[in-house]
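Heads up, the thing below is written out as structure tokens.
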Amino acid sequence: MNIRIEYSKLICILHLQGDLDLFSAELLKRQFQLQFNRGLKQLILDMQQVEYIDSMGIGSLLYIFSETKKRNISLHIVGVHGTPRKVIELTRLDRYFPLAESLQEVLDEFDEDGGHEDEWS
Amino acid sequence: MHYREYGKSIWYLLLFPLLLASGVLVLLLPLPDQGKSLIIENLSVFIILVYQYWVMSYFSPNRAVFGIIYTTLALEIILLLFMFFGIVPFVFIQLYTRGLTAIYFVLFFICSYFSILEGGNREVKIIRKPLVYIMGIMLIIQLSPSLRNHVVLQSVLFPFSIGIHFLPFAAIHHIVYTGLKRNTELQNHAVNKLFQFLQEVGEVLLSYQVIDRILDELVRTIQDMTISDGCVIFTLDEANEHLEVRSLIGFYPISDNTMRISRLEEGNIFWECIRKRKPLFLANITPDQRKKIYKDEKITRDVSSIIVIPLITEKRIFGLVSLIRARKGNPFSITDYNHAQVLTRYAVFVIENRHNHMELLEKQQIEKEVDIASNIQQSLVPKSISHSKLFDIAVFTKPLRGISGDYFDVIYHKKEQRVSVLICDVAGRGIPASLFMVMIRTAFHLIMDRGYRKEGEVITELNKLLRETILGGQYNIYLFATIALYTFWPMEQRVSYSNGGHLPILIYREDKKEIQQYAALGLPIGIESDVQYETKELLLNKKDAVLLCTDGIIETRNGKQEEYGFKRLEKNFIKTVEEFSTAREVLKQLVQTMVDFQGSVSPVDDRTLVVMRAMP
């Protein structure tokens, strides 16, 4: 799996690409910890290019979710579709995870929400 | 090449002052002019022979040239002897000597010129041009008739015309000889260092912290061998984001505080080498290239020559070695570069071997432990499944490797006429998953031992127990499991069930000949403490069948990378249930179709399948 990292202000977007399985789950966790240590405030996981997820992949998402929750980092998971969406729905995690349709949607939301802008800068 | 002659040949240079002196000495002899002239001419032939012999030692020995030298020398001596004993008249000797000298000079000129053209090394070729002029002057002096009759001029010019020949050759001798000496010294130095390195590495292999010590040894040996001003080993950090200094010797221009270089640093030559997986050698570094070593030019301004070699194996890349020279006009040579590469390759090879060896040992140890764990785990699931006239249950479970993250349980309460069936799939595989499975099993039995409770309540409590008591509320260890539990009351033909994030429970309806799915009612367990799980109820008819499975079954793949999938499972379930009556037969057939589907492809997950037939 490939992870491309994009920053804008304190938002960090992790574009995931490939299968999110046992092996890539570790990579994602580590990448998250790294970003986390850099002091991010907003995290977006872009799963537009993830076609497969297994239980360890779900585990890594759960890990990221709980870590962000604990430390008041806002998290959005966007572009979940196909098999990963089915798996997430089957396990009832669709209502638990902060899922959003598209990246643009989330970014627009940030832009509209002017109140936060001051906090970032 | 006759390198061994070099040490001796320095003595030939002494001939130069002897030659100059000999002309003058001959003049002082109490002999007639003709006699003096003859001696001088013979002397010059003799000297030029010796000289020629010496020159030839610089080239590949040419037999023809040596033939001429020896023949001429022999003839000369014979003639001189003849003259001495008065056998041949003096005039003849004089003519012969003059003719011989002339022929010999021409031959000598041609031979040495072409020898230099063909076989001479770089240093000797330098002399080719001056040689043409010198030879020219020599011939004119030797053959000019007016000079031949003037014995005083002859005595000075003859030896001189040959003597000047010694000067360029002496210079070249110096260059070649000292260069060779230095090379030999360097070679010896390199070989000694190499042996030392091999010995050290051999000793290190028997100790702890092998990799650290090998890298230390590598840095020291490379620095020593290439006589560099600084040598450093960088290793990649865990996230592959930084190159960190692992070992450093001498002067090396990197920032002193952090001792690491970020991947994000633009155009950095070290990261460039890592990316390209290729070594780099800049003998004479330009200011632009210097900036790429480290952005602060004040630090890198002294660097004049640099070598960078990545530490790569086929599988991975774990860092790089770099060495520099700081003095101008003293760049690394290609030999230094090769030496550094050979040493690095050897060190990497040793490290990789060691790594593989340790991995193998570890693997063997783990396998042994897994075997033991597997036995323990097998004792934790029901060995035989209870049967009754009212229901029939069969289970297939196959761990991927020894231990399983799948868990099933069947608890039959004879008195209350109920049977509970549980299936659970822990996220992940192997040891962590199987440990979590044991936790779940313990908690589940604790709860079930206290009498019947609704399935939703059982899962709610199980979840709470795992989250708060066993996992200690810790979020870091991320373990979760999907779980489905149902209880069948045969007397009432009733099923009550709950499902925490597990795959749907499949029920085959005998009357409609179709499958109904009962999907998850809540999250998997182990994620949130405060989740309330629902309980739902449904009725079973005679010959209805219930199927539970883990996602290992669904995700079984065939050679075309197709998934077995839910639809195929449902279809096969209907088919087998209609064909066979007992749960055991249905299960056997279902497993067989799955095995047929997968062919020779190995499974990737633990797989469990539980089939119950109501009132067969």
**Study point:** Enumeration of residues in region B:563-584 that are away from chain A (no Cβ under 14 Å) and free of Cβ contacts under 8 Å to residues at least 24 places away in the same chain
**Key:** B:LYS571, B:ASN572, B:LYS575, B:THR576, B:GLU579, B:PHE580
Point to revise | Filter result for B:ILE393 (open to solvent by 30 Å² or more (accessible area, probe 1.4 Å), more than 17 Å from B:GLU492 (Cα to Cα) and touching a helix residue (DSSP H, G or I) at 6+ places or on another chain (Cβ under 7 Å)) | key: no
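For region B:232-255, indicate whether the set of residues that are on the phi > 0 side of the Ramachandran plot and within 14 Å of chain A (Cβ to nearest Cβ) is non-empty. Can you show your working first?
Initial filter on region B:232-255 (on the phi > 0 side of the Ramachandran plot): B:240, B:250.
Now drop any that are not within 14 Å of chain A (Cβ to nearest Cβ), which leaves B:240.
Yes.
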**Study point:** region B:460-491: number of residues that are modelled with pLDDT under 90 and acidic (Asp, Glu)
**Key:** 1
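Which residues, taken from region B:564-594, are acidic (Asp, Glu) and either assigned to a loop (DSSP other than H, G, I, E, B) or crowded, with 16+ Cβ neighbours inside 10 Å (or both)?
The first filter runs over region B:564-594 and keeps only residues acidic (Asp, Glu), leaving B:570, B:578-579, B:585.
Scanning region B:564-594 gives B:GLU570, B:GLU585.
Just to be sure I understand, how many residues within region B:397-428 are more than 29 Å from B:LYS454 (Cβ to Cβ) and open to solvent by 60 Å² or more (accessible area, probe 1.4 Å)?
Taking region B:397-428 as the starting set, the residues that turn out to be more than 29 Å from B:LYS454 (Cβ to Cβ) are B:398-403, B:428.
When the remaining residues are screened for being open to solvent by 60 Å² or more (accessible area, probe 1.4 Å), the result is B:398, B:401.
Residues in region B:397-428 being more than 29 Å from B:LYS454 (Cβ to Cβ) and open to solvent by 60 Å² or more (accessible area, probe 1.4 Å): 2 in total.
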Check your understanding: How many residues are within 20 Å of B:PHE270 (Cα to Cα) and either of a type outside the set (Ser, Thr, Tyr) or open to solvent by 50 Å² or more (accessible area, probe 1.4 Å) (or both) when one looks only at region B:322-332?
Key -> 6
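So which strands (runs of 3 or more DSSP E) are wholly in region B:185-264 and hold at least 3 residues that are farther than 25 Å from B:ARG327 by Cα?
Working: elements: B:230-236, B:242-250, B:260-262.
By residue number, B:242-250.
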Exercise for review: Specify which of the listed residues (A:LEU40, A:LEU62, A:LEU90) is open to solvent by less than 40 Å² (accessible area, probe 1.4 Å) and more than 12 Å from the chain's Cα centre (by Cα).
Suggested key: A:LEU40
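Can B:LEU343 be described as more than 30 Å from B:ILE222 (Cα to Cα) and either open to solvent by 60 Å² or more (accessible area, probe 1.4 Å) or more than 14 Å from chain A (Cβ to nearest Cβ) (or both)?
Values: more than 30 Å from B:ILE222 (Cα to Cα): no; either open to solvent by 60 Å² or more (accessible area, probe 1.4 Å) or more than 14 Å from chain A (Cβ to nearest Cβ) (or both): yes.
No.
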**Study point:** Residue that is nearest to the other protein chains (Cβ to nearest Cβ), among those in region B:545-562 that are free of Cβ contacts under 8 Å to residues at least 60 places away in the same chain and buried (at least 16 other Cβ atoms within 10 Å of the Cβ)
**Key:** B:GLU555
Review point. For B:ARG275, all conditions in the list (1) open to solvent by 10 Å² or more (accessible area, probe 1.4 Å); (2) closer than 18 Å to B:TYR337 by Cα hold save one; what is the number of the exception?
Key: (2)
Exercise for review: Return yes when B:GLU468 is under 50 Å from the mean Cα position of the chain (by Cα), exposed (fewer than 14 other Cβ atoms within 10 Å of the Cβ) and either more than 14 Å from every other protein chain (Cβ to nearest Cβ) or of a type in the set (Gly, Ala, Ser) (or both) and no when it is not.
Suggested key: yes
Check your understanding: What about B:VAL438, is it part of a loop (DSSP other than H, G, I, E, B) and closer than 22 Å to B:PHE480 by Cα?
Key -> no
**Study point:** Of residues in region B:429-440 being open to solvent by less than 10 Å² (accessible area, probe 1.4 Å) and of a type outside the set (Gly, Ala, Ser), the one nearest to the other protein chains (Cβ to nearest Cβ)
**Key:** B:PHE436
Review point. What about A:GLN104, is it within 14 Å of chain B (Cβ to nearest Cβ) and either among the charged types (D, E, K, R) or out of contact with any strand residue (DSSP E or B) (no Cβ under 8 Å at 6 or more places or on another chain) (or both)?
Key: no
Review point. Regarding B:ILE324, is this residue of a type outside the set (Phe, Trp, Tyr) and within 30 Å of B:GLY402 (Cα to Cα)?
Key: no
Review point. Quick check: anything in region B:403-418 under 41 Å from the mean Cα position of the chain (by Cα), assigned to a helix (DSSP H, G or I) and under 24 Å from B:LEU523 (Cα atoms)?
Key: no
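The values are calculated or read from the model by the stated rules, or taken from the named source; none is laboratory data. Everything numeric here is computed off the predicted structure, so don't read it as measured data. Positions of Cβ are backbone-derived with ideal geometry, glycine not excepted, and every protein chain shown enters the neighbour counts. Side chains are part of the model used for accessible areas, which takes the heavy atoms of the whole protein and leaves out ligands, DNA and RNA. Shrake-Rupley method; radii C 1.70, N 1.55, O 1.52, S 1.80 Å.
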